[in-house]
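Report on the structure given below.
The numbers here are math on the coordinates, done by the rules we state, and not lab data. Keep in mind that this is a model prediction, so the values were computed, not measured. Methodologically, a virtual Cβ is constructed for each residue, glycine included, from the backbone with ideal geometry; neighbour enumeration extends over all protein chains shown.
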């Protein structure tokens, strides 16, 4: 077998190419979700083909049709009762690794997107290669990871007419390689991954990949996606995407917008601030002040470092992580936590922003202990194909974009592998003005991290 490269594309973007996972909305309910206990997965494993709009024929290896059924009156996904410690530790490690040495750039990523992509990578590896991925994800074995990843998917996925968190996974395979088909069945059943096969590196295959990604990311990352293409030596591309859109539970009124200065590390600039006065929870610690804005089924944490403290310094602060990863509200109220909280009138002023980022994950993943898969002749890809000795991961990219305005928040991400002072507030009112670099964390209601970012320049 010639030297081949494994190209893993993990994103918050669109569709797939070797096994197709279709999520169908039930028509009976206007509001619908996908709880694990009320879902039926119909797997059809076959050889066939899909005719893409440009006329290119891409073979289909497996098709997973995900059918959601909900009992009458059920209008929300089930809460996540599993152990989130692995996801929390992984999120912290990823954010510190990729954002820790930043000084003045906007940064944004989707921890859950990267987690999902690496979970699928674990499924196509074995022995020490798999163990390194499991260790990085904080999971003990592949069965536990498979269960947790599937449960996370079903907890996070949402499309209820008010907000949407849409996940999609796909695999893109070359048409001259023999694959272990049971692996794609596993990926379809547990990760709802569509798998397709075609001539790797061809304009048709590249076009189908980009179309899939743009569809699943609502064209929000079209400029980045336009640059993606599959090298002819690529054996497989994994693509994982996430699309998010939510409306503030209490929207900003554009009539109250102001043009004011935002203090970047490179000088002041005038930007549009959204302003709102309302009763809210105010949080403070030794290095930051914060509040949280509800988006219905999700929350956006807005964390303002103290004067003289950079956003990147907060990434090393235990109190910060205690807050955004769901520390006990009662303990904070009672003063038994590293963060304190109080309900009062918050005069919130936050800039509108639209930020994007692209990360090369390769060196960072190596620093997190995932090394074997990047070395030809070392990585074990035996669950993928019988002829795997020359396969290795040649590229690992992650792209993301998130924006907020008066109505709400919208964000997408993808991964390719071939975060005013913290003083004690007054009794009844506090001003919280985000006029210098700050951190935001978007989580679902069970504190699963969908997006994490730092705004240096709105």
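What the Cβ-Cβ distance of residue 366 and residue 85 gives, at R0 = 30 Å and to the nearest 0.05, is a FRET efficiency of 0.80.
A convex hull fitted to the Cα coordinates of segment 188-243 yields 80 cubic angstrom per residue. Put in line by how crowded their Cβ is, counting other Cβ atoms within 10 Å and starting with the fewest, 398, 263 read 263, 398. Of the peptides 167-173, 376-382, the order by per-residue mean of other Cβ atoms within 10 Å, starting with the highest, comes out as 167-173, 376-382. For segment 329-458, the C-alpha radius of gyration sits at 1.53 times the compact-globule guess of 2.2 N^0.38 Å, with N the residue count.
For segment 340-390, taking the reciprocal of the average inverse distance between every pair of different Cα atoms yields a Kirkwood hydrodynamic radius of 16.0 Å. Note that segment 161-285, at 25 °C in a medium of 0.890 mPa s, gets a Stokes-Einstein diffusion coefficient of 131 µm²/s from its Kirkwood radius over C-alpha pairs.
Between residue 255 and residue 330, the modelled labels are 4.3 nm apart [label points 7 Å from Cα along Cα→Cβ].
One chain, two ends: residue 151 and residue 135. Fully extended at 0.36 nm per residue, the span grows by 3.9 nm beyond their Cα-Cα distance. Kirkwood Rh over Cα pairs of segment 307-350 into Stokes-Einstein at 25 °C, 0.890 mPa s: D in µm²/s? Translational D for this selection: 205 µm²/s. Annotation: extensible slack from residue 281 through residue 316 equals 10.2 nm (criterion: 0.36 nm per residue apart, minus Cα-Cα distance). Full extension of the chain between residue 375 and residue 222 gives 52.0 nm of extra length, using 0.36 nm per residue less the Cα-Cα distance.
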